[in-house]
Structure formats: structure tokens, C-alpha cells
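Structure first, then comments.
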Amino acid sequence: MSQLLPILIFPLLGALFNGFVAMRQSQGKGFVGKSLTSIVACLMPALAFLFSLKVFFSLLAHPEITQISAAGLMEWMRAGTLLVNFGFVVDHQSALMLLVITGVGSLIHLYSTGYMHEDEAYARYMAYLNLFLFFMLILVMGDSLPVMFIGWEGVGLCSYLLIGFWFTDADKAKAGKKAFVVNRVGDLAFLTAMFLIFVTLSKDATEASELLSFASLRTNAEALKPAAGLITLCLFLGATGKSAQIPLYVWLPDAMAGPTPVSALIHAATMVTAGIFMIAKLSFLFVMAPAVMHLIATIGLATALMAALIGLTQYDIKKVLAYSTVSQLGFMFLALGVGGFNAAMFHVMTHAFFKACLFLGAGSVIHGMHHEQDIRRMGGLWHRMPTTAVTFLLATLAISGFPLTAGFFSKDEILYLVYASDLSKLYYGLAVLTAGITAFYMMRLFAYAFLGASRAAHPEHIHESPRVMTVPLIILAGFSLVGGFMGVPHVLGHSLGIENWLAHWLASLGQVTPHEVAGPLQEGALMVISTVWALSCSAAAYFIYRNKLNAAANLKVRLAPLYRLITNKFYIDEIYDALIIKPVKRVSDLVLYRNIDVRLIDGLAVNGVGAVTRLLGNGFSLFQSGVVGHYLFYFLIGLCLFLGYMVMG
Amino acid sequence: MITIHHYLILSALLFCLGLVGLVVRKNLLIMFMCLEVLLNAVNLTLIALARYFRVMDGQVVAFFVMAVAAVEAAIGLGILINVFRTRQSVKTTDLTALQG
């Protein structure tokens, strides 16, 4: 217990302190300087990271302990057979997430002190960021679905606050609102899943017990089997909201309105992987519903492919990365769908490293170019921002699957699992195609921004970012390079003598045994094919976008209809607007507002009660003539009636 | 022979007279006098019945009523004079500040 609580408490303290400072500042009262805010904001996640390391190493040192728990800290709610306690538990999977969240989180806090230094609401920003870390830690440490849901909602709140951080800009405020509303749809499904689980389990329950804790779910998995399809479908729908999958992915590209470190931390490395974390944690439920698993794989692949295609045509450096994130999340869902729960977690981790590095690199570029985000006005940054350029290149190679980088191992494992699963080979083909497109658009982004001649208006003003921003970049780039070695696939590991540590560590998640176990030769061949394909895509992009931008423009003209479709994001936003938003607005306006609200509630209920009261009052006030004689007369009548009643009755 | 019935009928008549006067008259002074008639009608009943039943309680109560009536008259007339001083009228139709 004493081991787990500090991890949570430190970020909360940071949030409270900085929130207090921000409140004082908004009242125009200086309280503390920026430096103290920075120190608190960075120290708290760092301390949480230290305690996470401690927890991780104590789990590592004692293989016989599968989890460290602080259960039943306090009763939360009790009603009938429902009992929910506040409690936290860290198992192997959560321990990994703790390291990623606090580790990458600390780096991003450090980076933010440079990136956000000029901002007026610096303390408010840091307070939100600390608060986000707190809720994210609750999400991964909660020992029951409701406690996890606190974190789930909390990170949604912080995401909303940080996307709309510059809320004086109406578009940015709108983007925050969009993220919030779209996430609510997923949250509703999550809640429904909890209700379904409770209804199913409470049928045989006689007394209150913690039915919704993960331990109980695990022991009662058999009882949940009949309802597993519906429950997992709802859980998956919840995950599509938080993890930006079709049909609820639309909020993530707009979420780029927030400050860039926020995009790196929340919308790439941590929060958006919550859905994958949740599904992997509840893998024992999902394996009971093969149809839902199939759906997850299909949705994941479709999202990965679609987002990758959109990523090809974007010119905003952050938008490319946003679609890339959606696409990579799709890959993770594909892995979940074929039963590779630890492969998905592996990709979550490697993705956290290289995508955080890419976003922070983009932030560094934006910072160095004075808030320029359009890659058409960049170019030639290689010489002006060497550190950023090199780290960006390393992360680009990692996400493209360059051999021995982090992305190579994790993506290759997913592709292999898809091949070995009983899904049709079309899935594998499309997944490999998507991996190639990923390599292409990432190299396009890199070449566009960093190579060739500068297209900026004032290239001489471009400067490299300060040390506090480049150090996190270097560290993350390092992890992007070597982070894959914790999950070396069997075919390579066997010959190199490295075992797949991650698969061993996450063994409790379970894995669906591949339908068709491919031999080492086949596995190696697949690896070579996908690597060569990805690298050739990467090389093609390099040669086109380094200095032959005309060729790209020609291609654009030749494929104009297709290009228009993709660059308009397949018109998904427009379709949603026409199918959902406009009808909802119409119904709200015509039925709910004009009839229900104005006529029924305002007209009949509120004003009606007032009118009746006034009418009665006017009537009765006629009796109040003010003349004493009249009152006496009423009194007399009353007296007569009373006496009459006494005598007669 | 004057029986108890005569006393009671007289007091009932007096009481009704007082009530009617109280309701129909508009002058507060007259209404005040009607109030006195009401009280004395009750007094008459009390004394008549006390004598009829040969118990003293009724007579004692009658004295109390007289005392209270005297006090009430003193206060009521005081109020009446003040009302007249401020409003130049003691008619109830002129004193309708409490109209709803």
C-alpha cells in the first residue's frame, strides 16, 4: 500500500499547488515565480517515476508476486449486492504502463518548461498536465472497473481542458468540445458494459461483494460467458472513443489544437492507449467473444489504413502526426483483434517512445519557426536545427520499421500474428500495405520539413530549441532506437540468444495461440518482406520529397479525384455533420427547444403555474376589502356554519 | 311571572341586535357600542342562569366581563380618538389601507 500511494499523491500535489498558483495569478496576485512552478511541475512526475521504478523492480525481483495491491482503502458505494471500494493494484501490465506514463510524462513536463515558457497561463498549463498524470495513473492502477472509470473520465476532462487551453480562440475551444462530446459516446458504452457485467453477475449474488473488481471478473469469467459478446462489444465501443478508432476517431485530429507537448503526452503516448490497455487487461473476457475479436481486428485495420491514407496528404506537421497516431492505434487494435494482447502492449510502449519523440520534435520545429506548422513553408531545417532533425529522423525510422529500431520489432510482431491468425490473408496484405504507407508519409514529412531548400520567409530567424527541449528529444530518440529489444521476436531472439522478455513479463495477459504456427523460415521471410517493402516506400518518399516536389505535384494533378477524396479526409466530418450533428441540431431546435422547452416547460409548467396562482390570488383578494365590517360579516358566516355543524352534526 | 326563558330570549335578542349593528354600521363608535351590547347580552345570560341554577360562578364571571369591558372600552376609545386625529374619520369604509 505504502508503495503505490506516493505514485498517485505526487502528481496530485503538483496539480493542487500549480492550480492554486494559477488561481492567484488569475486574480492578479503574484504568488510565486515561474521557476518554482516549473520545479514543482517537473519534480512531482519525476518522484512518481522513481516510485514507479521501485514498484517495477520489486515486481521484477520477486517473480512469485504477480501483483502489488492496495485494496479496499475506503468504501465508495454500497447498494444491494453492489459494493465498490477504492483500491489500487499494480500487476505486470500496469507496472509497464506506470513506467511509460511517469517516464515519458516527466520528460514531457521538462520539455514543456521550455515550450510553454512564454505563455501567460503557464501555471494553469502545468496544473492541468499534473492533473492529467494523476488521473492517468488512477486509470492504470484502479483495481476495479469503476475506479478505472474515474481515471478514464478524468483524463478525458484534462484532455478537454488542454485541447481548449487557448480557449480565447473559438476554433480551439470547439476542438476541445468536440473531443469531449465524442468521448462521451464511448464512455456511455463503457458504462453500459459495467451495468451489463453487474446485472449478469449479481443474479446469483446474495450479499454485497466487489463484483466489478478485476479479480472478481477473472474468477467469474465463466459466469460472464453468455453475455460476453455484448459486454465486450460495449467495452470495445468505449475503447474506440478514447483510443480514436472508427467510428469515433474524429476528435483526435482536431485535438491538435492543444499545445504540442499535450499532443505528445495525451494524444500520442498515454491517454489514447487507454482503450488498448483496458482491452488487454480484460483479455480473458474478449477471448470468449470471437466475433467481437474479429470486429476489433477489422476496425483496427480499417482505421489504420484510412488514417494512413489521410496522413499522406496533410500539410500541417501536427495533423500528419495525428493521423499517424490514429493509424498506429489501429495497428494496436489489429493486434488485440488477433489475440496478440502483449504484442499490442508492446506496440503501445514503443509507440509511446517514438510518437512522443516525433511530437516533441514537431513542437521544437514549431517553437523554432515561431508558430509555423505548415510543412510547405519549412524545408532545410536539417542545418538550422540539427538536434531536432537527427532525433526526428531516428523516430521516423523507428515508426517506419527500420531494422532493429523499436517500431521494427513491435510492428513486425503484429504483422506476424495477423499472418498466423485465422483471418484471411487479405488482412495481412492490407496491414503490410499500411505499414508501407506509414513509412512513406513519415519520410515525406521528414524530407518536406528538414531536407531540401528552405521555403521559410525568414530562414535566418529559425533557431534550435533550448536544452530543456532537446534533452527529452535525445532520450526519447534513444528509446526509439533500443526500446524494441525488450520484445525480440522468437526468430531473431533464438539466433541472437535473447529471449522475448516482454512476452514472458506479460504472460498473464494470455495470447490466442496462432491458428497456423509458421515455421522460423516463414517468419523470417515475412519479416524480410515487410521490412523491404517499408524501406522501399521510405526511400521513394525520400527521393520524391527531398528535391522533386514537382513530381509530387504532378502526381497530385494526375490523381486529382482520389487526392481530393483523401485530402478531405474521406468527407467523414461532413458525413457526420449531415447524418448526426445537423439532425440532432434540428430536432433540438424544432422539437426540444421550440416545443418541449418553450411551450411545455416554459409555457405550461413554469408560466402556467404562475398564471394559475395569480388568477386564484386575484379572485381571493376580492374578499380582502379592508373594511372591518366585511371581515366581521365573514366571521359571522363562519361562526354560523361552525355552530350549525356542531348542532346538526 | 318572568321565567328563565324570558331572560334568555331577551339576551338572545340583545346579542343579535349587537351583531347586526356590528356588521351593518360603518361608524366605529357605533360599532363599539354594539360590542358593549354583545358583552352585556352575554352578561345577562350568565346572571340569569346563575340565579336559575343557584350557583355563584356565573355572577363572578359577569364581573370579570365587566372589568374586561371597561378596560377594552378605555383602550378602544383611545385608539378611536387617535384614528380620528390622523384620518379625520372613523368610518370603516374610509379606513381600508389593508385592502388586498
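Some notes on this structure:
- Point-charge dipole on Cβ atoms (K/R +1, D/E -1) for chain B, about Cα centre, debye to 20: 200
- Equivalent-ellipsoid semi-axes of the stretch A:561-626, from the Cα gyration tensor, Å, largest first: 56, 7, 5
- Working value for chain B: equivalent-ellipsoid semi-axes of 33, 16, 8 Å, each the square root of 5 times a Cα gyration tensor eigenvalue, largest first.
- Shape summary of the stretch A:86-127, radius of gyration then Dmax from alpha carbon positions: 14.4, 41 Å.
- Exposure proxy for A:Val326, A:Val32: other Cβ atoms within 10 Å of each Cβ, ordered fewest to most, give A:Val32, A:Val326.
- In degrees, nearest ten, helix A:145-163 long axis to first principal axis of chain A (Cα): 80
- Spin-label pair A:Thr567-B:Arg54: with each label point 7 Å from Cα along the Cα-Cβ axis, the two points sit 12.6 nm from one another.
- Rounded if a/c under 1.5, otherwise prolate or oblate - the stretch A:275-369, Cα gyration tensor axes: oblate
- Neighbour-count ranking [beta-carbon atoms within 10 angstrom, fewest first] of A:Glu118, A:Glu75, A:Glu64: A:Glu64, A:Glu118, A:Glu75
- Cross-link partners for A:Lys225 among the lysines, with Cα-Cα distance under 28 Å and sequence neighbours closer than 8 places in the same chain left out: A:Lys203, A:Lys242, A:Lys281.
- Shape of the stretch A:514-589, Cα gyration tensor, a/c cut at 1.5: oblate
- Whole-Å distance, taken between Cα centres, linking the stretch A:108-157 and the stretch A:182-231: 28
- Taking chain A and dividing mean pair separation by its residue count, relative contact order in percent (alpha carbons under 8 Å, at least six apart): 11
- Sorted by Cβ density within 10 Å, fewest first, the residues A:Trp251, A:Trp501: A:Trp501, A:Trp251
- The stretch A:377-393 and the stretch A:1-38 have Cα centres separated by 35 Å.
- A:Met116 long-range amide H proximity, modeled H, under 5 Å: none
- Here the peptides A:546-553, A:148-155 are ranked by packing, the mean other Cβ count within 10 Å, and the order with the highest first is A:148-155, A:546-553.
- When each of A:Lys29/A:Lys355; A:Lys177/A:Lys318; A:Lys355/A:Lys425; A:Lys29/A:Lys318; A:Lys556/A:Lys585 is checked by Cα-Cα distance, pairs over 31 Å: A:Lys29/A:Lys355; A:Lys29/A:Lys318; A:Lys556/A:Lys585
- Pairwise label distance in nanometres, A:Ala291 with A:Lys556, each label 7 Å out on the Cα-Cβ vector: 4.6
- Potential lengthening between A:Glu64 and A:Val647 on full extension [0.36 nm per residue; Cα-Cα distance subtracted]: 200.6 nm
- P(r), alpha carbons of chain A - 20 Å bins starting at zero, rounded %: 18, 48, 22, 7, 4, 1
- Distance from the stretch A:291-312 to the stretch A:82-97 (C-alpha centre basis), Å: 30
- Positive contributions from Lys and Arg (+1) and negative ones from Asp and Glu (-1), summed over other residues with Cβ under 12 Å from the Cβ of A:Gly401, come out at -1.
- Across the stretch A:585-608, the residues whose backbone nitrogen lies under 12 Å from the label position 7 Å along the beta-carbon direction of A:Leu615 are A:608.
- Using alpha-carbon coordinates, inclination of helix A:5-26 to the longest axis of chain A, degrees: 70
- Using only alpha-carbon positions in the stretch A:223-318, the gyration tensor eigenvalues give semi-axes of 29, 15, 9 Å once each is multiplied by 5 and square-rooted (largest first).
- Computed from Cα positions, the angle between helix B:4-24 and the longest principal axis of chain B comes to roughly 10 degrees.
- Cβ-based net charge around A:His383, under 13 Å, with every Lys or Arg adding one and every Asp or Glu removing one: -1
- What you get for chain A, charging only the Cβ of Lys and Arg (+1) and of Asp and Glu (-1), is a dipole of about 1580 debye around the Cα centre.
- Total formal charge among the other residues, if their Cβ is under 14 angstrom from that of A:Leu562, Lys/Arg +1 and Asp/Glu -1: +4
- Measuring r between the beta carbons of A:Ser588 and A:Asp316 and using R0 = 41 Å, the FRET efficiency lands at 0.80.
Throughout, read-outs are computed from the coordinates displayed, never taken from laboratory work. From a predicted model like this one, the values you see are computed outputs, not experimental measurements. When we count neighbours, we look across all protein chains shown, and the Cβ atoms used for this are built from the backbone with ideal geometry, even at glycine.
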